[in-house]
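Each remark here refers to the structure printed beneath this line.
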Amino acid sequence: MAGSPIDRIPLYVTMLPVPGVVAWLAVGKVGPGFLALVLVAVLLGNVIAAVHHAEIVALRVGEPYGTLVLALAVTVIEVGLIISIMLSGEPNLSLLRDSVHAVVMLVLHGFAGVCIVVGAFRDRESEFQVEGAKAFLAVLIPMATLVMVLPNYLVSAPGPYYSPLQLAFVSAVCLGLYIAFLFI
């Protein structure tokens, strides 16, 4: 990223939020069809604009705070998308767990696989940082177990759900794991 211009913001990044706000105010919910595809394109444009702005801020504040800014921006985008999905239809208690499962699968299989394939095509041999992967997996495996596996084996609440006290504990543990990962 050295040499990236941080004093200019491209016009498209400045203009992309405008159609997003207009679409949010004018359209609302839609069914499948052409308008839904247009809204997906507008949403992707707004996500790209938000990540670009976060990257500019991250470049200005430098390391290690820049990494925290980018991680926080992506987390806010993911949580916002999950909340908007949860509020848009009928109540679905397993939607959040399924969304977290989808993110874990995308990270473990999708992004890692794409990085390996692209690295192999580009460099003919991929370089792999074992320390970073160990730290990531050391946090991801307990979090995934706490959030997706353990509720199936607890009987304090009907169904595969935590009681409010257990949910508070699991939330605190996941937050602690995330903070430890950030500092590792």
Within the stretch 53-93, how many residues are among the hydroxyl-bearing types (Ser, Thr, Tyr) and either under 16 Å from Phe181 (Cβ atoms) or open to solvent by 80 Å² or more (accessible area, probe 1.4 Å) (or both)? 3
Selected residue (only one of Val155, Val170 is of a type outside the set (Asp, Glu) and open to solvent by 70 Å² or more (accessible area, probe 1.4 Å)): Val155
Please work out if Val118 is within 18 Å of Ala71 (Cα to Cα) and either basic (Lys, Arg) or part of a helix (DSSP H, G or I) (or both). no
State yes or no: is Leu165 in a helix (DSSP H, G or I), under 30 Å from Trp24 (Cβ atoms) and open to solvent by 100 Å² or more (accessible area, probe 1.4 Å)? no
From the list Ile85, Ile77, Ile141, pick out the single residue that is under 24 Å from Ala54 (Cα atoms), modelled with pLDDT of 75 or more and not aromatic (Phe, Trp, Tyr). Ile77
Yes or no: Leu146 open to solvent by less than 80 Å² (accessible area, probe 1.4 Å), under 26 Å from Leu68 (Cβ atoms), in contact (Cβ under 8 Å) with a residue 60 or more places away in the chain and in contact with a helix residue (DSSP H, G or I) (Cβ under 7 Å, 6 or more places away or on another chain)? no
Tell me, please, whether a residue that is modelled with pLDDT of 80 or more and open to solvent by less than 40 Å² (accessible area, probe 1.4 Å) can be found in the stretch 97-117. no
Give, as residue ranges, the helices (runs of 4 or more DSSP H) completely inside the stretch 6-73 that count at least 2 residues that are of a type in the set (A, V, I, L, M, F, W, C) and in contact (Cβ under 8 Å) with a residue 40 or more places away in the chain. 34-61
It is to be established whether one or more residues within the stretch 173-184 are surrounded by 12 or more Cβ atoms within 10 Å (Cβ to Cβ) and assigned to a loop (DSSP other than H, G, I, E, B). yes
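The values are calculated or read from the model by the stated rules, or taken from the named source; none is laboratory data. Treat the numbers as computed from the prediction; the structure is a model and nothing was measured. Cβ coordinates were reconstructed from backbone atoms using ideal geometry, including for glycine residues, and neighbour counts include every protein chain displayed. SASA here: full protein model, heavy atoms, side chains in, ligands and nucleic acids out. Shrake-Rupley method; radii C 1.70, N 1.55, O 1.52, S 1.80 Å.
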